[in-house]
Structure formats: C-alpha cells, structure tokens
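Colleague: Take this structure, written in structure tokens, and hold onto it; I'll ask about it next.
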Amino acid sequence: MSNDKEQKNLIIEIGKKLWQKSFVASNDGNISIRLNDEEILTTPTGVSKGFMTEEMIIKMKLNGEIINSNGKFKPSSEVKMHIEVYKRRSDVNGIVHSHPPYATSFSVSGIPLNNNILPEAVLFLGAVPLAKYGTPSTDEVPNSLIPHLKTSDAILLENHGSITVGIDLLSAYHKTETLEHFSTIYHHALQLGNVNSISEEKVQELIELRRKMNLPGRALIKTESGNVQF
Ligand SMILES: [Zn+2]
C-alpha cells in the first residue's frame, strides 16, 4: 500500500511538471505507472494534471477493470494507449502522454523526427516515428502505436501529441523533455533556413556510445548505411 502511495505521488509530481512546462493545456494528457503484471495506476480524465491529489489517481487492471477509484474520477479514454503499450512491452513501467507544442507541431505538419541533429536526441530517443491519426477514445489510437512500439520509446501521434515510455515513469518523462527540447531546436533551425545533420562518421560514434552505455529501452537510429536498432 505504501508503494502505491509513493507511486501516486510520483504521478502527481510529473503531472505538475507537464503542466508547468506547458506540455499540456487544461485537462489534457495522461500518465501511468505499472505496479505489477496486472495492475497500473493512471490519471483521471477531466482534471488538470497540474493539480492532482492522491485520491484522484486510479488503480486499474490491464483488462480495463477499475480496482480503486474515488467514484468521482474516471480514467481517460486514452488509457487504452497505455494498456496497449504495457501489454506489448514488458520492459515498460511508466508512460507519459502529452501535447508538447513543438513536438505536436511536427506531428501536425506530418514530419517524423528522423534526422540526426542533436547527440542527446540520437542517443536517448533515436528516430521518432509518426503514428497515424486516430479518433480520440477509439481503438484507432492504440492501434496506431502498434507498428512503432517494437522499435521506439518516443512516438509522435499525428495531429495530436506524443507518447514516451520508459523502464520507470521518470525515464518516460525525461524522454518527453528531450523530445520537446529537440523539437524546439529543430523548429528554430528550420526558421533560420539551414539544418546541418551530424556526419555519418559521428553518428556511428554515437551508435558505439549507445552500445557502451547499454541504455534501457528501444531506439532506432537511421544512418546512411542502414538502420541500427537497440
Ligand atoms: Zn491526448
């Protein structure tokens, strides 16, 4: 039980960060943590993620059954995305879905973040794919993730936002930060009229570095000579 309390407080902290950084507006976004093989904690719908309290956090099963919730609060329909990820990725224990403005701009423009322009983004995210648009609350949204989940921990959702996953919630959150930082810089560079990519030789060095660091999670690094999957 105390573990649940700790995890709920972590969700509340990450919710505050998402809201303070404008990665979400109003009641947008959702966060979850896997507690064990069957159970997750997730955020309620209709509540600002910047102002959550412990009793708002919902405990539910991966089959969709709600175990514990203060009657007033229900999980978001977007929890389907989280469930899809947990079912397909046993290595994932934390998920952040938000609408960070720069990353979401690329998703609206239909531009996946495939190029190797910042070392941190190459190392920690790899190429970020664009999942096909789906109508909110339908299975189209979780289904759109399926082609990308095997290869990526950070995915843009077309005309919607982003989802990042990690071995724990903090690592999932950090990927959202890295994604938005990368998107912001890339957007500014496009405005300046020139984007230089990291050379093929230097990308190979980053690939070696990622191997040495033995980072958890999945990343697909696109190179001129082919793709490298971690
Ligand atoms: Zn959303």
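Here, each number is a calculation from the coordinates, and none is a lab measurement. For clarity, every value in this text was computed on a predicted model and none was experimentally measured. All Cβ positions, even for glycine, are placed from backbone atoms using ideal geometry, and neighbour counts span all protein chains on display.
Colleague: At 7 Å along the Cα-to-beta-carbon direction for both S48 and I167, put a label point, then send me their distance in nm to one decimal.
Modeller: For S48 paired with I167, the spin-label model returns 3.5 nm.
Colleague: State, as an integer percentage, the relative contact order of the stretch 74-213 based on alpha-carbon contacts under 8 Å between residues 6 or more apart.
Modeller: 32 percent.
Colleague: Further, regarding this structure: Which of L206, L149, L113 moves most in a GNM of the chain, Cα contacts under 10 Å?
Modeller: L206
Colleague: Using Cα springs under 10 Å in a Gaussian network model of the chain, which residue among T135, T151, T43 shows the largest mean-square fluctuation?
Modeller: T135
Colleague: Sorted from largest down, give the three principal axis spans of the alpha carbons of the chain, whole angstrom values.
Modeller: Between the extreme Cα coordinates on each principal axis of the chain lie 55, 35, 29 Å.
Colleague: Counting trypsin sites (Lys or Arg not before Pro) as exposed when in a DSSP loop with at most 12 other beta carbons within 10 Å, what is the longest stretch of the chain free of them?
Modeller: Formally, the longest exposed-site-free interval is 151-230.
Colleague: So if I place +1 on the C-beta of Lys and Arg and -1 on the C-beta of Asp and Glu, and nothing else carries charge, what would the dipole magnitude of the stretch 79-230 be about its Cα centre? I want it in debye, nearest 20.
Modeller: Here the stretch 79-230 has a charge dipole of around 320 debye.
Colleague: Would you calculate the separation in nanometres between label points at H187 and K212, each defined as 7 Å from the Cα along the Cα-to-beta-carbon direction?
Modeller: 3.4 nm
Colleague: What does the C-alpha gyration tensor say about the overall shape of the stretch 144-185? Classify as rounded when a/c is under 1.5, otherwise prolate if a/b is larger than b/c, or oblate.
Modeller: Judged from the Cα gyration tensor, the stretch 144-185 comes out oblate (a/c at least 1.5, b/c at or above a/b).
Colleague: Another question, if that's okay. Between I198, T176, G226, whose Cα lies farthest towards the positive end of the dipole of the stretch 127-228 when Lys and Arg beta carbons carry +1 and Asp and Glu beta carbons carry -1, centred on the Cα centre?
Modeller: G226
Colleague: Between K72 and K5, what's the calculated FRET efficiency when r is the beta-carbon distance and R0 is 22 Å? Round to 0.05.
Modeller: Taking R0 as 22 Å, the efficiency between K72 and K5 is 0.65.
Colleague: Right, something else. Which value results for Rg/Rh of the stretch 141-230 when Rg is the Cα radius of gyration and Rh the Kirkwood radius based on the inverse mean 1/r?
Modeller: Using Cα coordinates only, the ratio equals 0.98.
Colleague: If you don't mind, there's one more thing I want to ask. Could you tell me the relative contact order of the stretch 26-88? Use alpha-carbon pairs under 8 Å, at least six residues apart, and round to a whole percent.
Modeller: That works out to 30 percent.
Colleague: What number, rounded to the nearest 500 deg cm²/dmol, is the helix-based mean residue ellipticity at 222 nm of the chain, given -39500 (n - 2.57) per DSSP H run of at least four residues and division by all its residues?
Modeller: -12500 deg cm²/dmol
Colleague: Put a dot 7 Å past each Cα toward the Cβ at N115 and E140; how far apart are the dots in nm?
Modeller: Computed distance between label sites E140 and N115 equals 3.0 nm.
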